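Participant: Sending over a structure as structure tokens; questions will come in a sec.
The values are calculated or read from the model by the stated rules, or taken from the named source; none is laboratory data. Because the structure is predicted, anything quoted here is derived from the model rather than measured. Heads up, the Cβs are rebuilt from the backbone with ideal geometry, glycines too, and the neighbour counts pull from every protein chain shown. What goes into the accessible areas is simple: the full protein's heavy atoms, side chains included, and nothing from ligands, DNA or RNA. Shrake-Rupley method; radii C 1.70, N 1.55, O 1.52, S 1.80 Å.
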Amino acid sequence: RYLQEYAALGTGGGIYHFRDQILSGGAEAFFVLNADVCSEFPLQEMLEFRQQHGDAHSFVILGTTANRTQALNYGCIVANADTQEVQHYVEKPSTFVSEIINCGIYLFTPAIFQHIGEVFQRNQQELVLEESSNGWQRAEVIRLEQDVFTALAGSGKLYVYKTDGFWSQIKSAGSAIYASRLYLNQYSKSHPERLAQNKPGGPVIRGNVYIHPTASIDSTAVLGPNVSIGEGVTVGAGVRVRESIVLHGASLHDHTCVLNTIVGWDSTIGRWARVEGTPSDPNPNDPYAKIDSETLFRDGRLTPSITILGCSVTIPAEVVILNSIVLPHKELSRSYKNQIIL
């Protein structure tokens, strides 16, 4: 079911508002996951971890290690090295606190609503004193991270399960390319049968590539590494695709070159066209580096980034599209560089 807030209530206020629906099945525990992250999602491991740490009403945060500089952009967790109890929690600190960061994936029991309710009551009492005109909204806006976790830290109720598996935030459409790479790499270990293999009469596969069974790929095409081909996609002769996602119904005509690009549904790229973007990958020499939240513009210019073609975009033959974002249902007539095409 989708439960929609009548107003923005914050990460804690939202689940508190719908607490009756969440608890209607009599759940002993439940997961809360932010939608803008990709991960192995070690949910079973978190359940087992909770059974071994704390009591029946303790809560678990999924944590991972970041480098010291990037940790400032996340919620930072200081935990007891032996028990993994969270002793201190700071959301996006101004100075270094910890290299363990909050992954935005939590395991709660119904007892969490008592703690969120205490924050709500405290907010209401403060608003009575202030007699603020828009107080009803402020009382219900509750942030799990700043309002609840900060108060729970050091109480013996909050624990961190540190994962060594992959995790990344997804703050822009372009970061889906990096997320896709992480999942394809995971599949190569856990579900290699999902990935394409080099076969006689088939396209050349380099690295991790997913091809939907309904896609039509010419035998002279070269795909990979880190390519995902969707349902009903047509890839012509001599096509080169690398570090890209091609969504369902798209058509790449003969000898096109597609690099670091998301090709939207039912889009068409003409013969000998080149569509290319610039990746914003984490530092490959730092195992704890995370992808940065790049702003769309810097110094008044569009930041070089993954090229994104919306749905039903038509790219003509023999043009170059570089570092550009093309909104849906556009039929281009020439080359573009570093532009958002509205």
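Participant: Open to solvent by 50 Å² or more (accessible area, probe 1.4 Å) and not in a helix (DSSP H, G or I): does that describe Gly207?
Facilitator: On the way: open to solvent by 50 Å² or more (accessible area, probe 1.4 Å): yes; not in a helix (DSSP H, G or I): yes.
Yes, satisfied.
Rundown of residues vs (1) over 20 Å from the mean Cα position of the chain (by Cα); (2) within 15 Å of Ile341 (Cα to Cα), yes/no style:
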| residue | (1), (2) |
| --- | --- |
| Ala273 | yes, no |
| Pro284 | no, no |
| Ala289 | no, no |
| Ser293 | no, no |
| Leu296 | no, yes |
| Leu302 | yes, yes |
| Ser305 | no, yes |
| Cys311 | yes, yes |
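Participant: Here are some conditions: (1) touching a helix residue (DSSP H, G or I) at 6+ places or on another chain (Cβ under 8 Å); (2) modelled with pLDDT of 95 or more. His255 meets all but one. Which one does it not meet?
Facilitator: Of everything listed in (1) touching a helix residue (DSSP H, G or I) at 6+ places or on another chain (Cβ under 8 Å); (2) modelled with pLDDT of 95 or more, His255 misses just condition (1).
Participant: I'm trying to understand the selection: among the residues of the stretch 173-204, which are outside any helix (DSSP H, G or I) and within 12 Å of the chain's Cα centre (by Cα)?
Facilitator: Our first condition is that a residue be outside any helix (DSSP H, G or I); within the stretch 173-204, this holds for 173-174, 191, 195-204.
Selection gives Ala173, Gly174.
Participant: Any idea how many residues of the stretch 173-190 are over 23 Å from Arg240 (Cβ atoms) and open to solvent by 60 Å² or more (accessible area, probe 1.4 Å)?
Facilitator: Of the residues in that region, 1 qualify.
Participant: Find the residue count for the stretch 258-288, including only residues that are at pLDDT 95 or above and open to solvent by less than 30 Å² (accessible area, probe 1.4 Å).
Facilitator: 13
Participant: Could you look through the stretch 316-335, keep only residues that are within 13 Å of Thr261 (Cα to Cα) and not small (Gly, Ala, Ser), and pick out the one that is surrounded by the fewest Cβ atoms within 10 Å (Cβ to Cβ)? Reasoning before the result, please.
Facilitator: Applying the first criterion (within 13 Å of Thr261 (Cα to Cα)) to the stretch 316-335 yields 320-326.
Restricting the remaining residues to those that are not small (Gly, Ala, Ser) gives 320-323, 325-326.
Values: Val320: 15, Ile321: 27, Leu322: 17, Asn323: 18, Ile325: 23, Val326: 23.
Per the stated criteria, the residue is Val320.
Participant: Does Asn102 fit the bill of being touching a Phe, Trp or Tyr at 6+ places or on another chain (Cβ under 7 Å), more than 22 Å from Lys157 (Cα to Cα) and open to solvent by less than 70 Å² (accessible area, probe 1.4 Å)? Even if it seems obvious, please write down each step before you answer.
Facilitator: On the way: touching a Phe, Trp or Tyr at 6+ places or on another chain (Cβ under 7 Å): yes; more than 22 Å from Lys157 (Cα to Cα): no; open to solvent by less than 70 Å² (accessible area, probe 1.4 Å): yes.
When the stated conditions are applied, Asn102 does not pass them.
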